[in-house]
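What follows is a set of notes on a single structure, which appears directly below.
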Amino acid sequence: MVGVGVQSQLEMGTLEGKDDEACEFEDEALFSPEQQAAVQKTYSPRGPPLQVVVKRFRLRDLKNVVYESVKIVVFSTKLNLLMPFGPLAILVHYLTRRNGWVFFLSLLGITPLAERLGYATEQLAFFTGATVGGLLNATFGNATELIISIYALKSGMLRVVQQSLLGSILSNMLLVLGCAFFSGGLVHRNKQQVFNKAAAVVSSGLLLMAVMGLLFPAVLHYTRTELHFGKSELALSRFSSCVMLIAYASYLFFQLKSQHSEYLPLNEETSHNQENNVEDEEAPEITKWESIIWLFILTAWISILSEYLVDTIEGASVAWNIPLSFISVIVLPIVGNAAEHASAIMFAVKDKLDISLGVAIGSSTQISMFGIPFCVVVGWMMGREMDLNFQLFETATLFITVLVVAFMLQEGTSNYFKGLMLILCYLIVAASFFVHVDPSADDDVVGTP
């Protein structure tokens with residue numbers, strides 16, 4: 001009688017929620033057969049209703065997903081040990097107002113965030129097509145530099161914007177690529193590493209186009225041949241920036257759609273190692289929505305720290321007795337390029353030099369053809385007179401750097417000696433900016449026109 005009563009109670013008591021319970025268990029994506037069995041086993045007619053049990057299992061699964069996601073993104077690399085320095089920088093800012101310490105702690109706090117932002121972008125690219133993936137890399141690949149530049153633009157620190165973007169290009173082309181060539185050459189000393197020369201030539205052409213876009217406003221300024229003094233230089237910069245953005249969009253379409261097959265990475269042993277390549281194919285570690293959520297979280301946190309970084313950069317220059325141009329060109333880009341630096345070296349050691357080249361030269365192309373023109377357009381909308389006149393010393397440095405790297409890439413091969421030469425060239429550039437006095441230092445903070 002008791003069994004019949006319980007059965008009758010169960011049948012009558014669940015008629016009202018029958019549809020809801022059916023919906024709960026029809027969601028096979030959320031509950032596996034084992035989980036459904038666990039729910040049925042947990043359920044008791046004398047205990048809580050079946051809907052409550054199902055919600056508890058859902059909550060438990062959600063907690064597990066959040067725990068695993070945080071574990072993978074936050075605790076998977078030792079570099080994330082620097083993350084606490086971000087909140088510490090904010091605390092020091094309000095307690096001591098010491099700009100040097102706030103700037104230094106903000107730099108340390110942004111470094112792991114920049115690397116994790118690149119990781120989240122790579123994870124999201126697994127779930128998108130080639131075109132969307134290229135746009136994601138263009139947007140988030142150098143997001144740290146762009147966020148810092150936008151905050152500097154907002155504060156009217158136009159020279160900091162120009163020099164930090166220039167430094168990012170120099171860092172990627174000389175330091176990041178040089179370390180990749182050097183590390184890969186040491187690990188693979190017994191053979192010559194090769195990469196796709198066609199893709200390198202196209203990237204070099206884009207970099208030369210960027211140099212041309214920066215060179216003409218500077219020449220126009222120093223030769224004093226402007227049609228309308230003080231206006232023609234700015235108008236030319238804005239027009240050239242729009243042209244460069246169109247050129248970069250065309251490059252993305254050309255690379256990802258029209259001539260995709262010609263720019264695939266070289267693999268001389270494709271037929272021999274085809275099965276191994278399939279086995280070594282990487283898989284995403286987090287889901288699409290997790291990647292999107294982490295992109296928003298990391299971008300927001302970088303934005304907060306970037307504001308403190310920009311506000312204290314001039315104070316740090318005075319406190320440390322270091323030229324502002326050295327901090328902008330050398331120190332800031334090293335932090336922003338942390339992700340590119342680590343990725344380029346890792347792929348070079350694995351003998352995937354095409355990917356290393358894409359990370360280093362591709363990032364330089366993004367900054368020169370997308371980042372710099374984008375900042376000019378954003379400054380235009382903000383009412384800031386941001387132009388492409390990077391001054392003669394900076395423009396000459398970029399021009400010589402592009403020529404040196406173009407000569408290094410023309411053979412389609414690399415070794416540790418080429419990497420060493422690029423690293424030494426970067427040391428020369430760093431020393432040059434350490435003793436360089438910016439002619440626009442007195443006019444660093446520019447008001448609205």
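The values are calculated or read from the model by the stated rules, or taken from the named source; none is laboratory data. Since we're looking at a predicted model, the values are computed, not measured. Note that we place each Cβ from the backbone using ideal geometry, even for glycine, and neighbour counts take in every protein chain shown. Surface accessibility is based on the protein's heavy atoms, side chains included, excluding ligands, DNA and RNA. Shrake-Rupley method; radii C 1.70, N 1.55, O 1.52, S 1.80 Å.
Please work out if Ser343 is touching a residue at least 24 places away in the same chain (Cβ under 8 Å), closer than 23 Å to Gln255 by Cα, polar (S, T, N, Q) and assigned to a helix (DSSP H, G or I). Answer is yes for this residue.
Here is the figure for region 75-105: residues that are free of Cβ contacts under 8 Å to residues at least 40 places away in the same chain and assigned to a helix (DSSP H, G or I) total 13. On inspection, Met369 does not qualify as touching a helix residue (DSSP H, G or I) at 6+ places or on another chain (Cβ under 8 Å) and in a loop (DSSP other than H, G, I, E, B). Residues of region 149-170 that are closer than 16 Å to Val377 by Cα, of a type in the set (A, V, I, L, M, F, W, C) and part of a helix (DSSP H, G or I): Ile150, Ala152, Leu153, Leu158, Val161, Leu165. Screening Ala300, Ala283, Ala342 for residues that are open to solvent by 40 Å² or more (accessible area, probe 1.4 Å), at pLDDT 80 or above and small (Gly, Ala, Ser) leaves exactly one candidate, Ala300. Inspect all residues belonging to region 50-67 and state whether any of them is at pLDDT 75 or above and not in a helix (DSSP H, G or I). No, region 50-67 contains no residue that is at pLDDT 75 or above and not in a helix (DSSP H, G or I). Applying a threshold of 7 Å to beta carbon distances and a minimum spacing of six or more residues, or different chains, the list of pairs starting in region 54-72 at a residue that is closer than 30 Å to Glu122 by Cβ and ending at one that is in a helix (DSSP H, G or I) and modelled with pLDDT of 80 or more reads Ser69/Glu290.
Kindly indicate whether Thr111 is of a type in the set (Ser, Thr, Tyr), touching a Gly at 6+ places or on another chain (Cβ under 7 Å) and at pLDDT 80 or above. No, not satisfied.
Comparison of Gly362, Gly379 shows that the only residue that is open to solvent by less than 10 Å² (accessible area, probe 1.4 Å), touching a residue at least 24 places away in the same chain (Cβ under 8 Å) and either part of a strand (DSSP E or B) or out of contact with any Pro (no Cβ under 9 Å at 6 or more places or on another chain) (or both) is Gly379.
Of all residues in region 391-404, those being open to solvent by 60 Å² or more (accessible area, probe 1.4 Å) and of a type in the set (Val, Ile, Thr) number 1.
For the condition outside any helix (DSSP H, G or I) and aliphatic (A, V, I, L, M), what is the one hit in Leu208, Leu220, Leu236, Leu227? Answer to the selection: Leu227. Checking each residue in region 170-187 for being open to solvent by less than 10 Å² (accessible area, probe 1.4 Å) and polar (S, T, N, Q) picks out Ser171, Asn172. Counting the residues of region 219-247 that are crowded, with 16+ Cβ neighbours inside 10 Å, at pLDDT 90 or above and of a type outside the set (D, E, K, R) gives 8. Checking each residue in region 317-339 for being of a type in the set (Gly, Ala, Ser), modelled with pLDDT of 85 or more and over 23 Å from Thr397 (Cβ atoms) picks out only Ala319.
Screening region 405-449 for residues that are of a type in the set (Ser, Thr, Tyr) and either open to solvent by 90 Å² or more (accessible area, probe 1.4 Å) or within 30 Å of Gly379 (Cβ to Cβ) (or both) and picking the one that is modelled with the lowest pLDDT gives Thr448. Do the conditions hold for Leu146, that is, is it touching a Lys or Arg at 6+ places or on another chain (Cβ under 8 Å), open to solvent by 10 Å² or more (accessible area, probe 1.4 Å) and at negative phi? Criteria not met by Leu146. Could you check, for region 396-413, whether at least one of its residues is part of a loop (DSSP other than H, G, I, E, B) and of a type in the set (A, V, I, L, M)? No: zero hits.
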